[in-house]
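K.L.:
Could you have a look at this structure, given as structure tokens, before my questions?
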Amino acid sequence: MVPTGDDDSPASRPTALSVAVEDAYREHAALLREIAEKKFNLPPPDAAAIVHDVFSSFMIHKDNIRDARRWLVGAVCHASRSYRRTSQRTSQLPENVGDYVDPKSPGLEGRIVDRVTVERALSEIDPKCRETLRLFYAEGYSAAEIATRLGTTAGYVMQLLHTGRKRVRKAYDDLLKDGKR
């Protein structure tokens, strides 16, 4: 029998967790949306989605959280930064994108060959340089963020980036010269 909500059965009564999360949502959701919209300049629909994601995570980790307000504010700030980081790497294509296509650009086959060549060149450098390049170019982290993550200084990260670019460039040129492309 499916509960209809009219009876007072255990299945129709809210759990303590759902009540606690609902209370936290009522108390903090407006503040969290305001932080995402005003501090991080997110569009309102995206800010609301981030707040919902944060509360989903809050439900999962509720038992391990000492101060709900601080945790929620921190989580929405981290999620908003992550949103900013990924949205900076994407942009809307113009409607007349066909006007901008380079007729001399390689077709699908050429792009696949280029990608395989770059991957092969990346595989020939040491893992620390490769990881630093990936974090900087693919993930969008700053040198300072990478330094924190690797437990080193931003200057050393810049040196790793320089060395990594130089080694990848040399490996790529060697692959092209050897005809292994």
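The values are calculated or read from the model by the stated rules, or taken from the named source; none is laboratory data. What you are looking at is a predicted structure, and each value in this text was computed from that prediction instead of being measured. Neighbour counts run over all protein chains shown; Cβ positions are idealised from the backbone, glycine included.
K.L.:
Determine whether region 104-112 contains at least one residue that is surrounded by fewer than 13 Cβ atoms within 10 Å (Cβ to Cβ), modelled with pLDDT under 85 and among the polar types (S, T, N, Q). Full working, then the answer.
P.N.:
Within region 104-112, the subset surrounded by fewer than 13 Cβ atoms within 10 Å (Cβ to Cβ) is 104-112.
Next, only the ones that are modelled with pLDDT under 85 stay: 104-112.
Still in the running and among the polar types (S, T, N, Q): 105.
Looking for residues that are surrounded by fewer than 13 Cβ atoms within 10 Å (Cβ to Cβ), modelled with pLDDT under 85 and among the polar types (S, T, N, Q), one finds at least one in region 104-112, hence yes.
K.L.:
Of all the helices (runs of 4 or more DSSP H) wholly in region 38-138, which have at least 3 residues that are over 30 Å from residue 171 (Cβ atoms)?
P.N.:
Once the helices (runs of 4 or more DSSP H) in region 38-138 are filtered for at least 3 residues that are over 30 Å from residue 171 (Cβ atoms), what remains is 44-61, 68-87.
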